[in-house]
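The values are calculated or read from the model by the stated rules, or taken from the named source; none is laboratory data. Because the structure is predicted, anything quoted here is derived from the model rather than measured. Every residue, glycine as well, gets a Cβ built from its backbone with ideal geometry; the counts of neighbours run over all protein chains shown. We work out accessible area using only protein heavy atoms, side chains counted, and drop any ligands, DNA or RNA first. Shrake-Rupley method; radii C 1.70, N 1.55, O 1.52, S 1.80 Å.
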Amino acid sequence: MSDETIQPYRSLAELHQAAADAFCECAEQSLASRGVFRVALSGGSTPKRLYEMLAERSLNWERIHWFLGDERNVPLDSLDSNYRMICETLLEPARAPDENIHPVFVDLQNPAAAAETYEKTLRTHFPDQTMPAWDLVLLGMGDDSHTASLFPGTAALDETERWFVANWVEKLACFRYTLTAPAINSAKERWFLVAGKNKKQAIASVLRGERSPSHHPSQMIETTRMFVTEDAWTSNE
Ligand SMILES: O=C(O)[C@H](O)[C@@H](O)[C@H](O)[C@H](O)COP(=O)(O)O
């Protein structure tokens, strides 16, 4: 990823404002050219305020479809559910049509089956495609360089055919649901939102460290834009 695709912001508020503007522009362009905007959203804390801001924008809610880039293996009403967070911050305040919202119907006892079911759902939205043709995938980055639920040293990093899998994460001692790297890279736009000095080392390793996707999974993503706060950024100088 070249440095011109990376924009450091003085504050998280400025990052969210810029990301909200860029999101709306991306949606408008997609709707104008394809009549639909299909986006996979990130979980975590960084995008929450962005989602709240988007709920206040005048988007064409009827023609936007909302998907999960990853999910935790918890009930959808759990405080740890990405779906719950996205509903509370964005989809409920915006009154997005239920039929446009596509949660992962988790199966605590059989996450592999739930992931296969979600992949089948995705394939109905992107028929006859080898990989999902998202208009946008929003991503965060962990301080261990993970993105979505592609964690270092996990089996999902090696997946080249599947779109969406259940991924055992040893360090968390749990399954996570995640898009695979090829199913993220097939998006027209792949954006990272990264904030906080605790992410500085991860960003430096991902962008400037040796190429080692098994240690730095975010290196697998062909990023088109990175929104980052200055306290998480080190320039190339
Ligand atoms: O399910 C999740 O938690 C996310 O999808 C995950 O990949 C997240 O984006 C990073 O862990 C960064 O999280 P923060 O934004 O909370 O730092």
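Quick look at the numbers
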{"read-out": "Residue 13 within 16 Å of the ligand (Cβ to nearest atom), open to solvent by less than 10 Å² (accessible area, probe 1.4 Å) and in contact with a helix residue (DSSP H, G or I) (Cβ under 9 Å, 6 or more places away or on another chain)", "value": "no"}
{"read-out": "Residue match in the stretch 224-231 (condition: touching a strand residue (DSSP E or B) at 6+ places or on another chain (Cβ under 6 Å), among the acidic types (Asp, Glu) and farther than 26 Å from residue 124 by Cβ)", "value": "yes"}
{"read-out": "Unique match (being open to solvent by less than 10 Å² (accessible area, probe 1.4 Å) and of a type in the set (D, E, K, R)) among 158, 135, 144", "value": "135"}
{"read-out": "Some residue of the stretch 113-125 being within 16 Å of the ligand (Cβ to nearest atom), hydroxyl-bearing (Ser, Thr, Tyr), closer than 21 Å to residue 191 by Cβ and at pLDDT 95 or above", "value": "no"}
{"read-out": "Members of the stretch 113-132 that are within 20 Å of the chain's Cα centre (by Cα), more than 15 Å from residue 182 (Cα to Cα), surrounded by fewer than 20 Cβ atoms within 10 Å (Cβ to Cβ) and not hydroxyl-bearing (Ser, Thr, Tyr)", "value": "116, 120, 125"}
{"read-out": "Test: residue in the stretch 71-87 that is more than 16 Å from the ligand (Cβ to nearest atom), out of contact with any helix residue (DSSP H, G or I) (no Cβ under 6 Å at 6 or more places or on another chain) and among the hydrophobic types (A, V, I, L, M, F, W, C)", "value": "no"}
{"read-out": "From 175, 192, 164, residue being within 16 Å of the ligand (Cβ to nearest atom) and either charged (D, E, K, R) or farther than 30 Å from residue 63 by Cβ (or both)", "value": "175"}
{"read-out": "Unmet requirement for residue 83, which otherwise passes all of (1) under 13 Å from residue 71 (Cα atoms); (2) open to solvent by less than 10 Å² (accessible area, probe 1.4 Å)", "value": "(2)"}
